[in-house]
Structure formats: structure tokens, C-alpha cells
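Visitor: One structure is given below, represented as C-alpha cells, and several questions about it will come after.
The values are calculated or read from the model by the stated rules, or taken from the named source; none is laboratory data. For clarity, every value in this text was computed on a predicted model and none was experimentally measured. Here the Cβ positions follow ideal geometry from the backbone for every residue, glycine too, while neighbour counts run over all protein chains shown. To get the accessible areas, we keep the full protein, side chains included, count just its heavy atoms, and leave off ligands, DNA and RNA. Shrake-Rupley method; radii C 1.70, N 1.55, O 1.52, S 1.80 Å.
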Amino acid sequence: MVSSNMFAMRWRKSLLSGSILAPVCTELLRNATTAPRALQRDKDYCVELVRKRDYEGFLCSLLLPAESVSSAFALRAFNVELAQIKDSVSQKSIGLMRVQFWREVLDDIYKDHPTQQPVAKELLKAVKKHKLTKRWLMKMIDEREKNLDNHAFRNLQELETYSENTQSSLTYLMLETLGVKDVQADHAASHIGKAQGIVTCIRATPYNCSQRKVYLPLDICMLHRVPQESLLRRSKEKNVRDVIYDIASQAHIHLDHARSFMNRVPSKAFPAFLHTVILEDYLNKLQKVDFDVFHSSLQRRNTLLPLYLYIRSWKNKY
């Protein structure tokens with residue numbers, strides 16, 4: 001496991017392709033480089049897991065207030081552990097066993113008897129420090145369990161429910177690490193989580209199709225007469241692009257709703273909503289390629305993303 005200094009140097013090297021990003025990366029790395037020289041192994045494990053599996057969440061976490069960073073990485077690492085169950089097992093029964101493991105881990109955490117798993121130990125610290133609501137963590141587990149079947153979402157509403165119980169629940173927990181308990185902030189978090197879940201479903205389509213799996217809502221596919229085989233063939237026909245347009249439009253609507261609360265949401269909550277920058281960036285790129293979800297440009301990482309995140313954080317907006 002790498003030390004905090006080695007980790008910071010490696011991340012700096014991967015991002016600093018030009019002088020324009022230098023001040024951005026300096027600010028983003030502030031929390032990492034001011035930590036003790038030898039980070040605890042469990043904390044290192046969570047940070048590295050998130051960096052590898054949820055790079056955008058990793059960037060957003062580095063821009064949180066210092067007192068929330070470790071807890072944010074613990075929560076994101078927990079989310080990663082749950083999210084990767086489906087793709088890492090060949091049989092549903094094995095997936096159910098892993099989900100049950102995390103359900104028992106969570107029960108033990110709230111009894112103050114965590115297992116010696118690194119994410120569990122860091123999650124215990126976060127729960128104690130911020131008095132995190134168990135219900136949101138359990139919703140994340142329960143929804144991942146329901147989603148172990150390799151079936152497409154029946155309709156857009158089902159995708160939104162899945163997104164609410166996974167991504168929105170995670171955002172509610174991020175608000176708690178910031179000490180925010182506010183109804184308007186919760187409303188915004190709900191819409192942002194739904195937008196994130198929808199965008200994630202769209203973004204994952206090329207990879208899922210390469211595995212001969214399709215999860216896009218069936219009602220939208222049927223509306224535009226798009227059989228699953230067309231998606232598996234990576235069709236660029238107009239009706240396929242219409243499907244993506246309709247689904248992406250719903251994500252955009254949720255983003256607009258979330259931002260409509262901005263004047264009523266305490267500014268202390270804004271760091272939990274930085275993911276809107278990433279969603280907006282992807283939706284704009286998708287529009288530029290006329291909603292061709294298989295376009296190669298959508299598979300490339302935006303090297304300016306740290307800059308965009310820093311600017312939005314500096315402006316204290318979402």
C-alpha cells in the first residue's frame with residue numbers, strides 16, 4: 001500500500017499534463033499532503049479503492065472540508081464494494097452471499113463490533129464521528145441486492161427508484177458528514193442522485209453491451225422500437241439515439257430541479273453536490289455527438305475535470 005506522499009506524487013504526475021492544472025491540483029491535493037506521513041493502512045485502502053474504481057468520486061472527495069474527507073472515502077469505498085458485487089460474480093447465489101456479508105457487517109458496525117475488513121473499520125469511524133443514519137446505508141445494500149439479476153429496468157421509474165436508493169442515499173450520507181440536516185438540501189440530493197444513477201446507466205451502456213447485457217429502460221426502448229439486439233450491435237441509428245435522448249433528458253430535468261433549490265439550500269451543503277459538474281460535463285458531450293452513446297469521445301477521460309470541479313467549488317455553487 002502506498003504512503004500518502006507517494007500517493008500524492010503519483011496523482012499529481014497523472015494529472016499535471018500542463019501548467020493550467022497546477023493550481024487546481026495543488027488545492028485538490030491539500031488534504032492528502034497535509035495528512036500524517038504514515039496513513040493508517042485502512043484509510044489508505046479506502047482511498048486507493050475509490051481512486052481506482054470511482055475516480056470522479058475520488059476528485060470530489062478531495063474538495064470536501066478536511067473534517068469530512070476520511071468519512072467520505074469510507075462511504076465511497078463502501079459504495080464501491082457494493083457496486084462491484086454484480087460484475088464480480090458468475091452466479092446470483094454468490095452475489096447474495098456477498099450482499100449478506102455487508103448486511104451483517106453493517107449490523108456489527110452499529111453494535112460497535114466491526115469485522116477486521118478495512119472498509120468496515122473506516123466506516124465505523126465515520127458512523128461514530130457523524131452519527132450516520134443506518135437507514136441510508138441499508139437502502140444501498142437492499143437495492144444492490146434487488147439489482148443482482150441481469151435484467152433491464154422495466155421502465156424509467158424503476159431506474160429512478162434504483163438511483164434514489166443507491167446514489168441519493170449516498171448523497172444524504174455525504175450531507176451528514178458535512179453536518180447538514182436540511183429539507184431543501186435533501187430535496188436537491190434526491191434529484192442529484194437520480195440524475196447520477198440515470199447518467200451512470202447511460203455511460204455504462206457501451207461496456208454492458210460488450211458483455212451482451214442491456215439495462216436501459218425497456219419502456220423507452222419499446223417506445224422507439226429499439227430491440228436489444230440493435231444496442232448489442234452498437235447501432236447508431238436515429239431510433240437508438242432517440243432512446244438515449246429521452247433517458248438523458250430525464251437526467252437533465254433532475255439536475256435542473258436540484259439547482260432550482262440552490263437559493264434555499266445552505267451553502268455548507270454544496271460540497272456534497274459537486275458531482276453535478278461531472279454529470280453536466282457528460283450530458284454536454286453526449287449532446288455534442290447527437291446522443292450517440294457509442295461515440296469514442298465519450299470513453300475518454302476529461303483531463304480538465306479537476307479544473308472544472310475546482311472552479312465550481314471556488315464559486316461555491318453546484
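Visitor: Mind checking the per residue accessible area of the chain for me, 1.4 Å probe, whole number of Å²? Don't skip to the end; give the middle numbers.
Guide: Numbers: 15430 Å² over 318 residues.
Normalised by residue count, the accessible surface of the chain is 49 Å².
Visitor: Can you send over the solvent-accessible area of residue 203, 1.4 Å probe, protein chains only, in Å² to the nearest 10?
Guide: Accessible area, nearest 10 Å²: 90 Å².
Visitor: Accessible area, 1.4 Å probe, largest first: how do 133, 200 sort?
Guide: Working: 133 35, 200 70 Å².
From most exposed to least exposed: 200, 133.
Visitor: Sticking with this one: Counting only C-alpha contacts under 8 Å and six or more residues apart, can you give the relative contact order of the chain as a whole percent? Don't skip to the answer; put the middle values down first.
Guide: Values: 403 pairs, mean separation 54.9, N = 318.
Value for the chain: 17 percent.
Visitor: Here's something else I'd like to know. Each residue of the range 91-100 in turn: what ³J(HN,Hα) in whole Hz from Karplus with 6.51, -1.76, 1.60 and θ = phi - 60°, glycine and Pro shown as x?
Guide: With the stated coefficients, the range 91-100 comes to 10, 4, 4, 5, x, 4, 5, 5, 4, 4 Hz.
Visitor: Residue 282: accessible area at probe 1.4 Å, nearest 10 Å²?
Guide: 10 Å²
Visitor: What does the net charge come to around residue 220 if you take all other residues with beta carbon closer than 9 Å to its beta carbon, with K and R at +1 and D and E at -1? Present the calculation step by step, with values, prior to reporting the outcome.
Guide: Numbers: positive: none; negative: 219, 242, 246.
With Lys, Arg at +1 and Asp, Glu at -1, the net is -3.
Visitor: Using 7 Å Cα-to-Cβ label points, what is the residue 281/residue 52 separation (nm, one decimal)?
Guide: Result for the modelled spin labels: 2.2 nm.
Visitor: Right, something else. Need one number for the range 51-201: average projected area of the convex hull over its C-alpha atoms, nm². Present the calculation step by step, with values, prior to reporting the outcome.
Guide: Working: hull surface 35.3 nm².
Mean projected area for the range 51-201: 8.8 nm², to one decimal.
Visitor: Counting only helical runs of four or more DSSP H residues, what would the 222 nm mean residue ellipticity of the chain come to if each run contributes -39,500 (n - 2.57) and the total is spread over all its residues? Could the numbers behind the result be given before it?
Guide: Working: 19 runs with 214 residues, N = 318.
Helix contribution divided over all residues of the chain: -20500 deg cm²/dmol.
Visitor: Next question. Whenever you get a sec, compute what percent of the accessible area on the range 94-235 sits on carbon and sulfur atoms (1.4 Å probe).
Guide: Working: 3400 of 6640 Å².
Solvent-exposed carbon and sulfur of the range 94-235 make up 51 percent of the total.
Visitor: Still on this structure, I have one more. Which angle between 0 and 90 degrees, to the nearest 10, do you get for helix 41-53 versus the longest principal axis of the chain when only C-alpha atoms count?
Guide: 20 degrees
Visitor: Can I ask one more? By a straight-distance test (C-alpha under 15 Å), which aspartates and glutamates pair with residue 92 as possible cross-link partners, with residues fewer than eight away in the same chain excluded?
Guide: 142, 143, 145, 149
Visitor: Of 183, 293, which has the most accessible area with a 1.4 Å probe, and how do the rest follow in descending order? Spell out each step's value before the answer.
Guide: Details: 183 95, 293 0 Å².
Order by accessible area, largest first: 183, 293.
Visitor: Work out, step by step, the length gained on full extension between residue 234 and residue 111: first 0.36 nm times the residue separation, then minus their alpha carbon distance; give nm to one decimal.
Guide: Additional length available on full extension: 39.4 nm.
Visitor: Given Cβ point charges of +1 (Lys, Arg) and -1 (Asp, Glu) and nothing else, what value in debye, to the nearest 20, does the dipole of the chain about its Cα centre take?
Guide: On the way: 48 positive and 34 negative charges, 158 e Å.
Here the size comes out at about 760 debye.
Visitor: Also: To test your reading of the geometry: what angle, between 0 and 90 degrees and rounded to tens, separates the Cα axis of helix 134-146 from the longest principal axis of the chain?
Guide: Helix 134-146 and the main axis of the chain meet at about 40 degrees.
Visitor: Looking at 110, 252, 72, which one has the Cα that reaches farthest to the positive end of the dipole of the chain (charges on Cβ: Lys, Arg +1; Asp, Glu -1)?
Guide: Positive-most Cα among the choices belongs to 72.
Visitor: In Å and whole numbers, how far do the C-alpha atoms of the range 92-156 stretch along each principal axis, longest first?
Guide: Per principal axis, max minus min of the Cα coordinates gives 39, 26, 16 Å.
Visitor: What does the charge dipole of the range 130-236 about its Cα centre add up to, to the nearest 20 debye, if the Cβ of each Lys and Arg holds +1 and the Cβ of each Asp and Glu holds -1?
Guide: Computed charge dipole of the range 130-236: roughly 400 debye.
Visitor: Based on the alpha-carbon set only, what is the convex hull volume of the chain divided per residue, in Å³?
Guide: 130 Å³
Visitor: Residue by residue, what Karplus-based ³J(HN,Hα) values in Hz, rounded to whole numbers, does the range 281-288 have, using 6.51, -1.76 and 1.60 with θ = phi - 60° and x for Gly and Pro?
Guide: Per-residue couplings from phi come out as 4, 5, 4, 5, 5, 5, 5, 5 Hz.
Visitor: Of 285/315; 139/268; 181/288; 134/194, which sit over 30 Å apart, Cα to Cα?
Guide: On the way: 285/315 23 Å; 139/268 25 Å; 181/288 38 Å; 134/194 20 Å.
The pairs that break the limit, which is 30 Å between Cα atoms, are 181/288.
Visitor: What is the spread of the Cα atoms of the range 142-288 along each of their three principal axes, largest first, in whole Å?
Guide: 47, 35, 22
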